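Worksheet: the structure to be examined is printed underneath.
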Amino acid sequence: MTLEKQGAPAEDVLAELAALRAADLPTHGGRTWAYVYDSGLAGLDALAHRAAEAVTGLNGLDPTVFPSLLTMENEVVAAAARLLGGGPGTVGTVTSGGTESILLAVKAARDGRHDVERPQLVAPVTAHAAFAKAAEYFRVELVPVEVDPVTFRPDPADVAAAITDRTVLVVASAPSYAHGVIDPVVEIAAVAAERGVRCHVDACIGGWVLPFWRRLGVPMPGFDLSVPGVTSLSVDLHKYAYAPKGTSVLLHRDAELRRSQYFAFADWPGYSMINATMQSTKSAAPLAAAWAVLRHLGEEGYLALAEQTLAATRTLIAGVEAVEGLRVLGPPQASLVAFGAADDGPDLFVLADELTVRGWYVQPQFALGALPTNLHLTVTAASAPKIEPFLADLRDAVAAAHAHGPVAVDAGIVEWLRTLDPSTLTSEEFGGLLAAGGLAPGDGGGAFALPARMAEINALLAAAPPRLRERLLIEFFGLLYTP
Ligand SMILES: *Cc1c(COP(=O)(O)O)cnc(C)c1O
């Protein structure tokens with residue numbers, strides 16, 4: 001494909017885009033149980049888009065040139081700090097998302113300890129993959145801590161035992177994405193503080209829900225900056241603050257802790273470089289949109305949305321528990337619900353497909369060690385009216401999955417998977433696996449279409465050990481992103 005010699009009229013381009021969008025899952029209406037966060041409020045998206053439009057063309061690189069961005073960022077950070085137990089010294093940064101907040105928290109922790117030569121990061125295995133990414137990017141050794149296979153929480157004593165003189169950061173989740181449970185933050189922060197190590201709370205997904213649930217009377221353990229020993233905290237505004245994609249906040253207990261997050265460079269002949277985030281030139285649109293949404297909804301707006309989400313989550317949990325063959329994991333302490341299958345339960349990958357057929361997207365999560373395979377649902381305010389119809393279809397889908405029976409990976413293929421070396425996997429071997437999964441790349445690798453049913457592919461991926469699965473995913477993405 002090349003740039004057309006003659007450009008197309010604006011309306012035609014937009015019509016083309018609308019046609020492309022027809023293949024996407026719905027972002028509103030509560031049928032997509034992952035990736036999207038819907039407040040269900042009419043006009044909220046329009047407000048966000050108008051705010052974004054108002055700052056189009058501005059460059060977040062230099063807040064002295066565009067002081068409106070400085071004001072909005074300081075206001076957003078102050079609101080987050082106030083909500084999440086910050087004190088008078090609390091500072092922060094608006095980033096592009098949870099991953100960037102986490103990358104920067106790890107970078108700040110590493111670069112705040114130049115005395116440590118081979119830095120380590122201690123994190124429960126349930127911590128978000130972004131910590132593994134940060135470890136890989138910044139060459140920090142990831143030290144995983146096992147969690148209880150029933151509660152999905154780490155034992156603070158195990159966290160304490162994992163801390164060494166090389167540990168620069170200890171992580172706790174509030175809650176974890178996978179199972180929606182809150183790590184023992186108070187105890188973990190205490191053992192980190194005892195060793196003089198920073199402690200980051202990943203409240204990316206829970207940070208804009210849990211404080212409101214606490215106000216609604218839900219018992220809530222300490223998890224925020226008011227907990228002694230917690231030195232930084234991340235909260236994504238593009239999740240439960242219902243802002244458009246591209247905004248998260250990284251808070252630090254004080255300015256001293258934030259200093260090593262910043263990057264400055266004066267040793268080149270261009271403009272003096274000072275960046276708070278990974279990006280340099282950056283769009284102002286996500287910040288302005290988030291600022292507008294926060295200003296518009298206010299505390300009462302979020303409290304009402306949190307109340308709807310709480311009611312929806314409770315109904316969903318009770319409804320899933322009542323389905324024979326399914327069991328809710330955790331139990332969840334936030335608005336994320338993961339359920340597994342009982343011994344005589346349905347094949348979860350088949351169940352996911354049966355739900356897809358019925359117009360619902362749920363997210364399969366693979367087993368890890370003693371932690372079971374499950375299906376993940378992110379509940380939002382817009383889910384509330386969809387719980388009963390979903391449960392009706394779920395019961396139906398479970399019956400259909402039983403009738404279909406489990407998908408089994410051929411024993412020969414499982415054996416073959418064991419022989420594959422992720423570090424030397426060839427494209428022929430990958431092609432063989434695609435064929436085994438019933439997939440074939442389109443001509444020249446392009447026009448690759450996923451099948452309507454994913455159970456066979458998920459079963460194949462589940463049979464591959466994590467290192468091999470990572471390699472397969474990389475090959476797969478390489479194939480998808482071949483123009
Ligand atoms: C979503 C999430 C992240 C990562 O955030 P992105 O915005 O997807 O980069 C990190 N931690 C938790 C607990 C999350 O739910």
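The values are calculated or read from the model by the stated rules, or taken from the named source; none is laboratory data. All values derive from a computational prediction rather than experimental measurement. Virtual Cβ from ideal backbone geometry, glycine too; neighbours counted across all protein chains shown. For accessibility, only protein heavy atoms count, side chains too; no ligands or nucleic acids. Shrake-Rupley method; radii C 1.70, N 1.55, O 1.52, S 1.80 Å.
Straight-line reach from residue 107: which aspartates and glutamates have Cα under 19 Å away, leaving out those fewer than 8 places along the same chain? In chain and number order, the partners are 115, 117, 136, 141, 165, 202, 236, 254, 256. Within the straight-line cut-off of under 22 Å between alpha carbons, the lysines reachable from residue 386 are 239, sequence neighbours fewer than 8 places apart in one chain being disregarded. Other residues with beta-carbon under 12 Å from the beta-carbon of residue 335 carry, at +1 per Lys or Arg and -1 per Asp or Glu, a net charge of +1. Multiplying the residue separation of residue 18 and residue 395 by 0.36 nm and subtracting their alpha-carbon distance yields 132.3 nm. Site pair residue 321 and residue 56 shows an inter-label distance of 5.0 nm when each label is modelled 7 Å from Cα along Cα→Cβ.
Assuming charge only on the beta carbon of Lys and Arg (+1) and of Asp and Glu (-1), the dipole of region 1-145 about its Cα centre is about 480 debye to the nearest 20. Using a simple spin-label model with pseudo-atoms 7 Å out from Cα toward Cβ, residue 70 and residue 226 lie 3.3 nm apart. Restricting the GluC sites (Glu not before Pro) of region 109-173 to loop positions (DSSP other than H, G, I, E, B) with no more than 10 neighbouring Cβ atoms within 10 Å leaves 117.
A simple count of charges around residue 201, restricted to other residues whose Cβ falls under 9 Å of its Cβ and scoring Lys, Arg +1 and Asp, Glu -1, yields -3.
Going by the alpha-carbon gyration tensor, a ≥ b ≥ c the square roots of its eigenvalues, is the chain rounded (a/c under 1.5) or, if a/c is not under 1.5, prolate (a/b greater than b/c) versus oblate? Taking the square roots of the gyration eigenvalues as a ≥ b ≥ c, the chain is rounded. Only one residue of 104, 92, 56 has its Cα farthest out toward the positive end of the dipole of region 51-293, where Lys and Arg carry +1 and Asp and Glu -1 on Cβ, and that residue is 56. Charged neighbours of residue 189, selected by a Cβ distance under 12 Å, balance to -1 (K, R count +1; D, E count -1). Taking label points 7 Å from Cα along the Cα-to-Cβ direction, residue 255 and residue 467 give a separation of 4.7 nm.
A straight chain from residue 10 to residue 452 at 0.36 nm per residue would run longer than the Cα-Cα distance by 155.8 nm. The helix-only estimate of mean residue ellipticity at 222 nm for the chain, built from DSSP H runs of length n ≥ 4 each weighted as -39500 (n - 2.57), is -13000 deg cm²/dmol after division by the residue total.
Suppose every K and R has +1 on its Cβ and every D and E has -1 on its Cβ; what is the size of the dipole of region 278-402 about the Cα centre, in Debye to the nearest 20? Intermediate values should be presented prior to the final figure.
Details: 7 positive and 13 negative charges, 114 e Å.
It comes to approximately 540 debye.
Given +1 at the Cβ of Lys and Arg, -1 at the Cβ of Asp and Glu and no other charges, the dipole of region 51-293 around its Cα centre is 300 debye to the nearest 20.
The stretch between residue 481 and residue 303 holds 59.9 nm of extra length on full extension. This uses 0.36 nm per residue minus the Cα-Cα distance. Of the chymotrypsin sites (Phe, Trp or Tyr not before Pro) in region 387-483, the ones in a loop by DSSP (not H, G, I, E or B) with at most 16 other beta carbons within 10 Å are 448, 481.
Considering only beta bridges that DSSP places wholly inside the chain, some 60 percent are antiparallel. The residues of the chain expose on average 48 square angstrom of accessible surface per residue, using a 1.4 Å probe on protein heavy atoms.
Placing unit charges on each Cβ (+1 for Lys and Arg, -1 for Asp and Glu) gives region 51-293 a dipole about its Cα centre, and among 134, 74, 186 the Cα reaching farthest toward its positive end belongs to 74. To put it simply, the accessible area of the chain at a 1.4 Å probe is 58 percent carbon and sulfur.
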